[in-house]
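To start, the structure itself, in structure tokens.
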Amino acid sequence: MSCCCPHSNSANRFFSFFAGRYRRRFEKKGFEPSQKQLLQGLEKAGYKDARILEIGSGVGHLHQTLLEQGAESATGIDLASKMICEAQKWADERGLADRTTYIEGDFMEITEAVMDADVTVLDKVVCCYPDADGLVHKSLDRTNRVYALTYPRNRWYVRMVMGMTAWVMKIMRSDFRSYVHDPELIERWISDAGFNKVYQNNNLVWLTQVYVKP
Ligand SMILES: C[S@@+](CC[C@H](N)C(=O)[O-])C[C@H]1O[C@@H](n2cnc3c(N)ncnc32)[C@H](O)[C@@H]1O
């Protein structure tokens, strides 16, 4: 499955609606537990002086924090226009405008235009996309050293919530869906691309993994 246009348009509307709330939540509460785990994993893998690529970068607080802690530059890609606007605004406010590049679009449709990165991050993005195989492989292709991601655990209660969300989306006539992709398959795709897992952690819902290419 490579054309996800109806899905992307609906995802744009869905996530644009929540962009302001994402920023306010972070300003009030800071990183979520799964993001703290992701940061721990990135610390272990190393990101100093790295060029970061964050796919599904939301309002930007994760890669902007990495920049403040020693990364060199960051590209944030998100298909939700308002997420990109918030991220740009926030980068300006944090004095990071000259080290950040923002691209609005579906990563799968613009991969050719995306530069390679030392560190690629997908924080709660694989679950927003129907074609996990394509998304993981194309993002791995852009990664030189560290591949970090958080995605849902394959548990009955996670599948149940996603099923209920799909039902609500259908009633709202939205094509956006979230997905529980098979973690074993995802791990295999990443290992087959030559990466070794250096960090894994989870909470009730989210699984966080960080891989390094030797
Ligand atoms: C659940 S949100 C997470 C945002 C951010 N990573 C965070 O944790 O705060 C998922 C984000 O990924 C974006 N997204 C989903 N699929 C995408 C794709 N194929 N290309 C670019 N962005 C995508 C959505 O627009 C949304 O902003």
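Read-outs throughout are calculated quantities, based only on the coordinates presented, and are distinct from any laboratory measurement. All values derive from a computational prediction rather than experimental measurement. No Cβ is skipped: glycine too gets one built from the backbone with ideal geometry, and neighbour counts run over all protein chains shown.
Taking the charge dipole of the chain about its Cα centre, with +1 at Lys and Arg Cβ atoms and -1 at Asp and Glu Cβ atoms, the residue from VAL210, ALA74, SER178 reaching farthest to the positive side is SER178. Model label sites at ARG21 and ASP141, defined 7 Å from Cα along the beta-carbon direction, differ in position by 3.5 nm. With N the number of residues in the stretch 27-156, Rg(Cα) / (2.2 N^0.38 Å) evaluates to 0.98. Under 17 Å from a point 7 Å along the Cα-to-Cβ line of ASP92: which residues of the stretch 40-73 have their amide N that close? Of the residues in the stretch 40-73, 59-61 have backbone N under 17 Å from the label point off ASP92. In this structure, the pairs whose alpha-carbon distance is over 19 Å, taken from LYS44/LYS197; LYS82/LYS124; LYS28/LYS48; LYS36/LYS124; LYS138/LYS213, are LYS28/LYS48. Extension gain, GLU32 to ALA193, is 55.0 nm, computed as 0.36 nm per intervening residue step minus the present C-alpha separation. Ranked by how many other Cβ atoms sit within 10 Å of their own Cβ, fewest first, the residues ASP133, ASP123 fall in the order ASP133, ASP123.
Within the stretch 5-212, DSSP assigns beta bridges of which about 40% are antiparallel (rounded to the nearest 5).
Taking the Cα centre of the chain as reference, the dipole from Cβ charges on Lys and Arg (+1) and Asp and Glu (-1) amounts to some 940 debye. Calculated FRET efficiency, LEU204 and LYS48, Cβ-Cβ r, R0 41 Å, to nearest 0.05? Approximately 0.80, to the nearest 0.05.
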